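Let me begin by presenting the structure, written as structure tokens, before commenting on it.
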Amino acid sequence: IKTGKKKPNELGQVFHYDIYGKRELKYDFLLDNTLKSVPYKELVNTQPNFFFTSKDFVEEKTYSKGFSIPELFPLNSLGLLTKRDDLSVDFDQQNLEDKITYFLDETKSVDEVCKRFNLVIKDKDKWDANLTRSNVSKSDIKEQIRNFQYRPFDNRKVFYNSYFVARPNTKVLGHFIKENAGLIICRQGQAVGGDEWNVVFTCKYLTDQNIYRRGGGTVFPLYLYPETNPSAGSGQATQQTIGHTSTSSAPERTSNLNPEIALKIARSIRYMYDANVSSVNSTYRDTGVTLIAPLDILDYIYAVLHSPTYREKYKEFLKIDFPRIPYPKNAKIFWHLVKLGGEIRQIHLLESPIVEKYITQYPIDGDNVVIKPNYQNGKVYINDTQYFDNVPETAWNFYIGGYQPAQKWLKDRKERKLEFEDILHYQKIIVALTETDRLMKEIDKIDIE
């Protein structure tokens with residue numbers, strides 16, 4: 001309320017009252033009260049966020065002692081955004097090649113190719129179909145198709161060319177053309193679905209900005225490679241290819257970890273940090289000095305972010321900004337968390353041999369076409385007759401990034417036929433989700449702080 005009595009640079013007072021319940025209850029409350037009779041609670045204006053609701057910040061001092069994810073990983077960005085998924089993304093390499101070839105076929109009109117892929121010839125982002133067709137060569141399509149982490153456990157193919165991808169974010173994502181590891185985390189990550197913060201996953205490929213339900217997945221690469229050449233390729237002067245590696249004599253790769261924070265993490269457990277070491281818990285044979293490597297730090301973080309206690313304890317802060325991670329208490333706890341975090345990371349990448357120890361069956365023959373997935377008594381039906389059997393309810397309902405991957409993966413394949421590899425892949429997802437739940441319980445037994 002403006003009173004005219006506030007001094008210059010003085011903040012106004014903020015009062016808050018929450019009415020929770022059915023509509024009739026709210027109507028009755030409003031009818032029975034006036035502005036003066038509502039039992040408002042005055043809120044404290046705290047910089048820099050100035051929340052207009054009550055927050056529980058009892059743990060703020062403890063939480064603020066940890067290190068910030070963006071401070072540890074200086075180079076980071078949102079994942080790529082195509083804005084043209086129907087054209088630039090596909091489940092299958094050959095299908096994607098065929099789509100790009102069709103789009104670039106000059107014997108077909110631009111109206112025809114745009115209609116097929118639900119595109120307009122010119123859009124509000126200044127994308128121009130005619131310009132794209134005249135400046136992208138058909139000679140190196142295959143070389144520009146990359147593995148693409150589209151959704152959790154859902155890897156596809158993308159034509160990684162700046163005419164076809166609206167926001168390629170090559171400065172960061174170009175480092176995933178070669179072998180790499182990374183984290184995908186949302187800023188202001190209030191959970192969508194489920195009861196806890198869950199917007200964290202790992203990656204080794206190019207990653208979609210909308211990998212999570214609410215979008216905004218920021219990618220934090222572990223390693224950086226020598227600068228790529230954005231104009232190499234077809235011989236056409238304006239060709240825009242992405243991911244051709246430099247032939248310079250620069251080091252093969254460097255760590256993307258802030259050395260000051262990495263050293264502080266190592267010193268907190270009386271170890272040394274070496275950015276060039278790739279193996280876990282490595283040791284110099286000639287000196288006996290024990291080291292920690294960049295991957296060890298990433299796995300430690302991954303374990304902490306999968307701690308249910310951590311997620312609950314700091315849920316107010318996880319809604320505001322990127323997570324802050326506590327420094328390890330001692331070497332024993334650090335290596336225990338590294339081990340568990342590494343297991344979850346490898347499971348999420350479906351690289352762990354555990355995911356091939358299937359706990360489900362797919363017993364009924366049929367056309368394997370996904371119609372309407374549903375869960376009944378341990379069975380996940382993909383159509384009226386075919387199902388995956390012995391699926392734990394925990395796995396079916398498990399949330400990552402606001403999605404329930406066991407459900408989302410099938411829904412995204414509605415009216416598609418599951419091939420043999422798809423059937424195996426889905427069974428791996430069920431193992432991965434079941435194991436993630438188990439390992440999170442193991443992490444919760446550890447006194448992280």
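The values are calculated or read from the model by the stated rules, or taken from the named source; none is laboratory data. Quick caveat, the model's predicted, so the values are computed rather than measured. A quick note on method: Cβ atoms are made from the backbone with ideal geometry, for glycine too, and the neighbour counts reach across all protein chains shown. In case anyone asks, the SASA skips ligands and DNA or RNA and just uses the protein heavy atoms, side chains included. Shrake-Rupley method; radii C 1.70, N 1.55, O 1.52, S 1.80 Å.
For Ile359, the conditions (1) under 21 Å from Asn155 (Cα atoms); (2) open to solvent by 50 Å² or more (accessible area, probe 1.4 Å) are fulfilled apart from (1). Among the residues of region 305-326, those identified as over 17 Å from the mean Cα position of the chain (by Cα) and among the acidic types (Asp, Glu) are Glu312, Glu316. Taking the conditions (1) assigned to a loop (DSSP other than H, G, I, E, B); (2) at pLDDT 95 or above in turn, Asp321 satisfies each one other than (2). Could you list, in sequence order, the residues of region 1-18 that are open to solvent by 90 Å² or more (accessible area, probe 1.4 Å) and among the charged types (D, E, K, R)? If the condition is that a residue be open to solvent by 90 Å² or more (accessible area, probe 1.4 Å) and among the charged types (D, E, K, R), then Lys2, Lys5, Lys6, Lys7, Asp18 are the ones that fit.
Is it true that some residue in region 423-439 is under 19 Å from Ala303 (Cα atoms), polar (S, T, N, Q), crowded, with 17+ Cβ neighbours inside 10 Å and within 23 Å of the chain's Cα centre (by Cα)? Yes, some residue in region 423-439 is under 19 Å from Ala303 (Cα atoms), polar (S, T, N, Q), crowded, with 17+ Cβ neighbours inside 10 Å and within 23 Å of the chain's Cα centre (by Cα).
Just to be sure, is Asn45 assigned to a loop (DSSP other than H, G, I, E, B) and in contact with a strand residue (DSSP E or B) (Cβ under 7 Å, 6 or more places away or on another chain)? Yes, satisfied. Trp335 meets each of the listed conditions (1) assigned to a loop (DSSP other than H, G, I, E, B); (2) more than 19 Å from the chain's Cα centre (by Cα) apart from (1). Only residues that are closer than 20 Å to Pro152 by Cβ, open to solvent by 50 Å² or more (accessible area, probe 1.4 Å) and assigned to a loop (DSSP other than H, G, I, E, B) were counted in region 77-91, giving 1. When you scan region 57-69, do you find a residue that is modelled with pLDDT of 95 or more, part of a helix (DSSP H, G or I) and surrounded by 11 or more Cβ atoms within 10 Å (Cβ to Cβ), even just one? Yes, region 57-69 contains at least one residue that is modelled with pLDDT of 95 or more, part of a helix (DSSP H, G or I) and surrounded by 11 or more Cβ atoms within 10 Å (Cβ to Cβ).
Contact annotation: residue pairs with Cβ atoms under 6 Å, 6 or more positions apart or on different chains, pairing a residue in region 14-42 that is under 21 Å from Ser54 (Cα atoms) with a partner that is part of a helix (DSSP H, G or I), are Ile19/Lys26; Ile19/Phe29. Among the residues of region 104-126, just one is outside any helix (DSSP H, G or I) and open to solvent by less than 20 Å² (accessible area, probe 1.4 Å), namely Phe117. Within region 137-157, being closer than 19 Å to Asp105 by Cα and either touching a Ser or Thr at 6+ places or on another chain (Cβ under 7 Å) or open to solvent by 50 Å² or more (accessible area, probe 1.4 Å) (or both) holds for Ser137, Lys138, Ser139, Asp140, Ile141, Lys142, Glu143, Gln144. Residues that are of a type in the set (Gly, Ala, Ser) and either open to solvent by 50 Å² or more (accessible area, probe 1.4 Å) or at pLDDT below 95 (or both) within region 367-413 comprise Gly401, Gly402, listed in sequence order. Among residues of region 127-142 that are in a helix (DSSP H, G or I), those with a Cβ under 6 angstrom from a residue that is open to solvent by 10 Å² or more (accessible area, probe 1.4 Å) and hydrophobic (A, V, I, L, M, F, W, C), sequence gap 6+ or separate chain, pair up as Ala129/Val110; Ala129/Ile121; Asn130/Val110.
Just to be sure, is Val289 of a type in the set (Val, Ile, Thr), surrounded by fewer than 17 Cβ atoms within 10 Å (Cβ to Cβ), more than 30 Å from Pro48 (Cα to Cα) and at pLDDT below 95? Yes; evaluated as a whole, the condition is true for this residue. Whenever a residue of region 43-54 is without any contact (Cβ under 8 Å) to a residue 12 or more places away in the chain and more than 9 Å from Val14 (Cα to Cα), its partners that are among the charged types (D, E, K, R) and part of a loop (DSSP other than H, G, I, E, B), lying with C-beta atoms within less than 9 angstrom and at least six residues away or across chains, give the pairs Thr46/Lys55.
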